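Only one structure is covered here, and it is reproduced in the block below.
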Amino acid sequence: MSRMPPELWLRVFDLATDVHGLLNYDDPISSDLPRALVKQREQQLLRDSLRTKRNIVLVCRYWNELAVEFLYQSVLITRVDTLASLHESLQRHASAAAGRTRLGWWTRRLDVLIQDDRCEASDYALLAEVVRHFSNLVIVTLSMPMLPFNDCWLRQLPTSIITCLAETCGTSLQVFDCSESVLRPCRQVPVPVHPQDLMMLLAACSDLKVLRCPICSPTPRDRSARYRLDVPVMSKLESITLTSVFLRDYLPRDKDANHLPALRQLTYDCIPPPFFDHAWKNFVKLTCANVTTVTLDFCLPGDSLPKELDLLAEYCTALDKLVIYFRSWLEMKPHLVLPRVSYLGLYSKVKGEPVFHYQALLSALATLTGPRLKTIRLLHASAVEEIRESAPSLSPDDLACLTSRNISLEDHEGHLLFN
């Protein structure tokens, strides 16, 4: 086996362990499902690939030397008891790597998904030391549990981790995701310490393209906005996830400035009650002229949706794709007027909805106004199965109305929902 040129073996290992689109942002997996569901699928693919990599490096010493770079391309941490052994391996190889590439140099993706309630402050300190070995990270996903005796209001991610990310891989980082984490970066650290954390990280990441940090930890102690670092101009940021309650954290002091000139994708979580309508309108007006895709996680009553659609129609002139997550299909009200989009993706958070919910959904779709609308897609497989089972009870007139307007009603895979 060792007589085969190493270039061929490297190609074989690459094909055997490939996780298409998960190690870089240039070719991401495309899905309109809620991020939590997409992340579950991504983690399963990464686990399967890691299992294959471990088997490859155990075949023989020659394969181990060739394939070790693939083993460390993606690092997945799910238990705190693995941090010590990982840190030891990285340290040992770094000290003996004269003339060789450090293991951490190969790492492009780091996923820290710790669910152990016994996580201690020392574990986070060790995690920060591990991060310092990864100088070329492109994608970082954090999901961290509460620290013992941590203030349940602050829920602040230790500053040491954010500092290590900024100092070690700020120039390479393209995706930062802590949307599912209990602990989150703080908007600033206590006065008189110099403000850093989230804004410091964003300022260091000049190539950041995707930011999913919709909830910042509240500012501890002095909450005055005058102590905050301003939001940096992120000239390459293409996608951002925001939450209504924390929207102000991403608004610059200059109310007429656009600090996200490259923004193309926006995910907005509308948490009730809608405290910040004015701030939201100002954000859309300033930053969304070139946005092509908007996802609304709509937790408000359906009667308030027309106002959101009118806002998008007025200011998002390049918008072509709209995705809406509803609390249930009953929140999809009749006679909605869409912006000039060609695609509408729909998702309901309720599973096993009764037949009359699907009847209401279809009636609402039949009265929908969309001047450029070509495709309506139900995003979740279970909803597709349920509506197909409800087909005998659905109005044929509503289906005929959609067909007559040349609007395709599709399942989650892009096939026609009804033949």
Selection over segment 300-326 where residues are crowded, with 17+ Cβ neighbours inside 10 Å and part of a loop (DSSP other than H, G, I, E, B) yields a count of 3
Restricting to segment 80-93, name every residue that is open to solvent by 40 Å² or more (accessible area, probe 1.4 Å) and at pLDDT below 85. Asp81, Arg92
Could you list, in sequence order, the residues of segment 15-58 that are basic (Lys, Arg), closer than 30 Å to Lys321 by Cα and exposed (fewer than 14 other Cβ atoms within 10 Å of the Cβ)? Arg41
Here the residues within segment 327-357 that are of a type outside the set (S, T, N, Q) and assigned to a strand (DSSP E or B) are Val337, Tyr343, Leu344, Gly345, Leu346, Tyr347
Here's a check for you: in segment 108-135, which residue that is of a type in the set (Lys, Arg) and at pLDDT 90 or above is surrounded by the fewest Cβ atoms within 10 Å (Cβ to Cβ)? Arg132
I'd like to check something: does segment 378-387 contain any residue that is in contact with a Ser or Thr (Cβ under 7 Å, 6 or more places away or on another chain), surrounded by fewer than 19 Cβ atoms within 10 Å (Cβ to Cβ) and among the small types (Gly, Ala, Ser)? no
Looking at Leu346 and the list (1) farther than 24 Å from Val38 by Cβ; (2) crowded, with 18+ Cβ neighbours inside 10 Å, which single condition is not satisfied? (1)
Out of all the residues in segment 395-411, which are in contact with a Ser or Thr (Cβ under 9 Å, 6 or more places away or on another chain), outside any helix (DSSP H, G or I) and crowded, with 17+ Cβ neighbours inside 10 Å? Ile407, Leu409, Glu410
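The values are calculated or read from the model by the stated rules, or taken from the named source; none is laboratory data. Here the structure is a predicted model, which is why all the values come from computation and not from measurement. In this analysis, Cβ positions are derived from the backbone assuming ideal geometry, glycine residues included, and neighbour counts consider all displayed protein chains. The area values use the complete protein model at the heavy-atom level, side chains included, leaving out ligands, DNA and RNA. Shrake-Rupley method; radii C 1.70, N 1.55, O 1.52, S 1.80 Å.
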